[in-house]
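Undergrad: Let me begin by handing over the structure; questions about it come next.
Only the coordinates and a few stated rules stand behind these numbers; no lab work does. Bear in mind that the values here come from a model prediction, so they are computed numbers and not experimental data. Virtual Cβ from ideal backbone geometry, glycine too; neighbours counted across all protein chains shown.
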Amino acid sequence: RDVGFDETTAHIVGADVSPKMLEIAKERKCYDDTKVVDLNKPLPFAKDSFDCVTCVGTLTYVDPNSGVLDEFVRITRPGGLICYTNRTDKLDGWSEVEEHLDSTGRWYQETDPIGPLPYLPKNEEYGKDVEVVIALYRVLDPE
């Protein structure tokens, strides 16, 4: 809500695999609703539920062939945006799925990926060996 979306302009839903993290988000009033989800399974939202889907710092732990990007497209209305981050050491596993969604007319890349940017910049374990990029896609109308 601090970025300018009030209750009259947006309904923000937070999703996480961790009920504890969602409890913290509820206490901080980050979302209007929350839902426990596993990105490796079909998402519990209706088709065309959202204008925008964002996923930050999570796809590292999800199999690219899980169907999660297909699910993001399914729950995002035509014309809506999907924005997510991915680590540079994981990009190859996702490119085939991204290209398939593009070649089948499900989405298109709105802009070149942003980055690479530091991944956990205060964690010396990663340093400059692992960075992150931001992807932005627009969902197309299947008809």
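Undergrad: Only sites in a loop by DSSP and with at most 14 other Cβ atoms within 10 Å count here; which chymotrypsin sites (Phe, Trp or Tyr not before Pro) in the range 1-106 make the cut?
TA: Listed in order of number, the matching sites are PHE5.
Undergrad: ALA135: net charge of surrounding residues, Cβ under 13 Å, Lys/Arg +1, Asp/Glu -1, itself excluded?
TA: Local charge sum for ALA135: -2.
Undergrad: Under a 10 Å cutoff between Cα atoms, tell me which one of CYS52, CYS30, CYS83 has the largest fluctuation in the Gaussian network model of the chain.
TA: CYS30
Undergrad: So, one more: If each DSSP helix of 4+ residues adds -39,500 (n - 2.57) and the sum is divided by the residues in the chain, what number results at 222 nm, nearest 500 deg cm²/dmol?
TA: -6000 deg cm²/dmol
Undergrad: Work from the charge dipole of the chain (Cβ charges, +1 for Lys and Arg, -1 for Asp and Glu, about the Cα centre) and give the residue of GLY57, ASN86, VAL17 farthest towards its positive end.
TA: Comparing the listed Cα positions along the dipole, VAL17 ranks first.
Undergrad: Any idea how many Lys pairs in the chain come in under 21 angstrom at the alpha carbon, given 8 or more places apart or on separate chains?
TA: Working: LYS20/LYS29; LYS20/LYS35; LYS20/LYS41; LYS26/LYS35; LYS35/LYS47; LYS41/LYS90; LYS90/LYS122; LYS90/LYS128.
The result is 8.
Undergrad: Find out how many positive minus negative residues lie around LYS26, taking Lys and Arg as positive, Asp and Glu as negative, among other residues whose Cβ is under 12 Å from that of LYS26.
TA: Net local charge, LYS26 excluded: -1.
Undergrad: While we're looking at this one, here's another question. Given the options VAL37, VAL73, VAL17, state which has the largest fluctuation in a GNM of the chain using a 10 Å cut-off (strictly under) for Cα springs.
TA: Of VAL37, VAL73, VAL17, the Gaussian network model singles out VAL17 as fluctuating most.
Undergrad: Just in the range 19-117: which GluC sites (Glu not before Pro) are loop by DSSP and have at most 16 other Cβ atoms within 10 Å?
TA: Qualifying residues, ordered by number: GLU110.
Undergrad: Taking the C-alpha atoms of the chain, how large are the radius of gyration and the largest Cα-Cα span, Dmax, in Å?
TA: Computed over the Cα atoms of the chain, radius of gyration and Dmax are 15.6, 48 Å.
Undergrad: Within the chain, which is the longest segment containing none of the trypsin sites (Lys or Arg not before Pro) that sit in a DSSP loop and have at most 13 other Cβ atoms within 10 Å? Write out the running numbers ahead of the final one.
TA: Details: sites that count: ARG1, ARG28, LYS29, LYS47, LYS122, LYS128.
For trypsin sites (Lys or Arg not before Pro) (loop position, at most 13 other Cβ atoms within 10 Å), the longest site-free span of the chain is 48-121.
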